[in-house]
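Before any comments, here is the structure.
The values are calculated or read from the model by the stated rules, or taken from the named source; none is laboratory data. Keep in mind that what you see is a predicted model, and the values were worked out from it rather than measured. Using ideal geometry, Cβ is built from the backbone for each residue, glycine included, and neighbour counts are taken over all protein chains shown. Note: areas computed on protein heavy atoms with side chains; ligands, DNA, RNA excluded. Shrake-Rupley method; radii C 1.70, N 1.55, O 1.52, S 1.80 Å.
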Amino acid sequence: MDELLGQLIRKLYQYHIESPEYRKALEHLLSLIPHLPGICQDRHPDYSKAVDQSSEDIRQKIDGFIGTLGLKIDEAPASVLRENFVRWVNRFLRFDIYDLYRSRKLPLSLDNAITGEEGETTFIEQLPDPRTLDRWLEQEEAQTQRLVLKRYVERDPEGKLRNCYPANCSKCSCQAIAQARYLNKPQLSVPALAEKFGIPPITIYSRWDRSCRPILQEIAHNYHQYLHLLEPVPLSQWFENVFDASWQTLESIFGAGSPHLVRSRRRTADDVRLGKPIDLGMQLAGNPVALVVVVALNPEGELGILLRLYPTGEQECLPPNLQLVVLDESGETFLEAQSRDADNWIQLQFSGVAGESFSVKVAMGGASFIEDFVI
């Protein structure tokens, strides 16, 4: 097996990418992947689909393996080529296996033994060590663990970050510090952040070391509990009355007689209207709000989407400077609105086609909430 694998890799190095010899060698190489010693194995019923997806990734990126091999291919022992190739392939395969569990919402035990090039180990042992948080946050965004941590910082679903702040500065929450240090582009230095909040830099350093870092390390260590943060809200399923418990009817949020019950200008019997209370911690103390989403099919076959922010509780107006932002698939701002004094609500309206995704951001001061959607 090693000799055959070595011959195929050498052919990829020798022949032009458009040549029949190159394509034949590549297809032969891909066919060997499931049978190579050390390749990650899993008991998932769709394991073969993960192999197929990894093979497609490898088909597109095989030049990257050859270019970064750091060996003289003509002189390298076949066993060394195989070891390096298996290690490279498993980088794709581990995450494609992981995606199987996320897409099917099947339980994934990170402690179960799996087989790989290092023998029997566990899934969690083959993933980056979550305790090396500062270095980990600099790795490629595609890593599932980093995406979970990023989404947690953006959403703060349990309020742990936004409700942790110095007594003299509610805006300087752990969420605001983490966003500024790791999510902002460009990132803010501690002196710049201190100037922004009007507090000494030592206060931020102390808050980070004593509170923020331990919270984030805990989330990173238990990232598998927060995989649902990576799943966008499927708007098309709302028409089938399928949505999670965090989305509520407007009557349950505002009460049956509330003037906040949304009626779009072109409302039809097929409109779906749901809302979600938004918690921004001390930034909205005494001024709770709710995000309302209205979806309806328009005559052009697109999905019309109306977003509104309303005050809840006893308040009749939104707090000023509350932002409602729509982000496109690349994370760039697509639409935005900001409340003024005495605004009863703010809104954004747009349309999209099946398969498109976007995010909605609600922000004020140093706190924010983000929800991902797919049409």
* Structure fact -> Result of the Cβ filter at 7 Å on segment 299-321, keeping first residues that are free of Cβ contacts under 8 Å to residues at least 12 places away in the same chain and small (G, A, S) and partners that are assigned to a strand (DSSP E or B) and crowded, with 20+ Cβ neighbours inside 10 Å, at least 6 apart or interchain, is none
* To do: Kindly list the number of the only condition in (1) in a loop (DSSP other than H, G, I, E, B); (2) modelled with pLDDT under 80; (3) touching a strand residue (DSSP E or B) at 6+ places or on another chain (Cβ under 8 Å) that fails for Q187.
  => (3)
* In segment 246-266, is there at least one residue being at pLDDT 80 or above, hydrophobic (A, V, I, L, M, F, W, C) and within 30 Å of G365 (Cβ to Cβ)? -> yes
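Tally up the residues in segment 8-34 that are of a type outside the set (F, W, Y) and farther than 22 Å from V51 by Cα, please. Break it down into steps so the answer makes sense when it comes.
Going through segment 8-34, the residues of a type outside the set (F, W, Y) turn out to be 8-12, 14, 16-21, 23-34.
So of that shortlist, the ones also farther than 22 Å from V51 by Cα come out as 10-11, 14, 16-21.
Residues flagged as of a type outside the set (F, W, Y) and farther than 22 Å from V51 by Cα within segment 8-34 amount to 9.
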* To do: For segment 215-233, state whether one or more residues are modelled with pLDDT of 80 or more, under 27 Å from M364 (Cβ atoms), open to solvent by 40 Å² or more (accessible area, probe 1.4 Å) and assigned to a loop (DSSP other than H, G, I, E, B).
  => yes
* To do: For L161, state whether it is outside any loop (DSSP other than H, G, I, E, B), buried (at least 17 other Cβ atoms within 10 Å of the Cβ) and touching a helix residue (DSSP H, G or I) at 6+ places or on another chain (Cβ under 8 Å).
  => no
* Asked: Which residue, of S359, S351, is under 25 Å from N163 (Cα atoms), small (G, A, S) and either at pLDDT 85 or above or open to solvent by less than 20 Å² (accessible area, probe 1.4 Å) (or both)?
  -> S359
* Structure fact -> Within segment 183-214, restricting to residues that are open to solvent by less than 40 Å² (accessible area, probe 1.4 Å) and within 26 Å of the chain's Cα centre (by Cα), the one that is nearest to Y226 (Cα to Cα) is C212
* In segment 362-374, what residues are farther than 14 Å from L327 by Cβ and either modelled with pLDDT of 85 or more or under 17 Å from the mean Cα position of the chain (by Cα) (or both)? -> none
* Kindly provide the set of residues from segment 320-348 that are of a type in the set (D, E) and crowded, with 16+ Cβ neighbours inside 10 Å, ordered by number. => D343
* State all residues of segment 164-179 that are buried (at least 24 other Cβ atoms within 10 Å of the Cβ), of a type in the set (S, T, N, Q) and part of a helix (DSSP H, G or I); if no residue qualifies, say none. => Q175
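What number of residues in segment 34-55 are surrounded by 13 or more Cβ atoms within 10 Å (Cβ to Cβ) and either among the β-branched types (V, I, T) or not in a loop (DSSP other than H, G, I, E, B) (or both)?
Our first condition is that a residue be surrounded by 13 or more Cβ atoms within 10 Å (Cβ to Cβ); within segment 34-55, this holds for 34, 36, 38-42, 44, 46-47, 49-55.
Okay, now just the ones that are also either among the β-branched types (V, I, T) or not in a loop (DSSP other than H, G, I, E, B) (or both), so 34, 39, 41, 47, 49-55.
Total meeting the criteria: 11.
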* Residues of segment 326-355 being in a strand (DSSP E or B) and closer than 16 Å to V294 by Cα, which ones? -> V326, I346, Q347, L348, Q349, F350, S351, G352
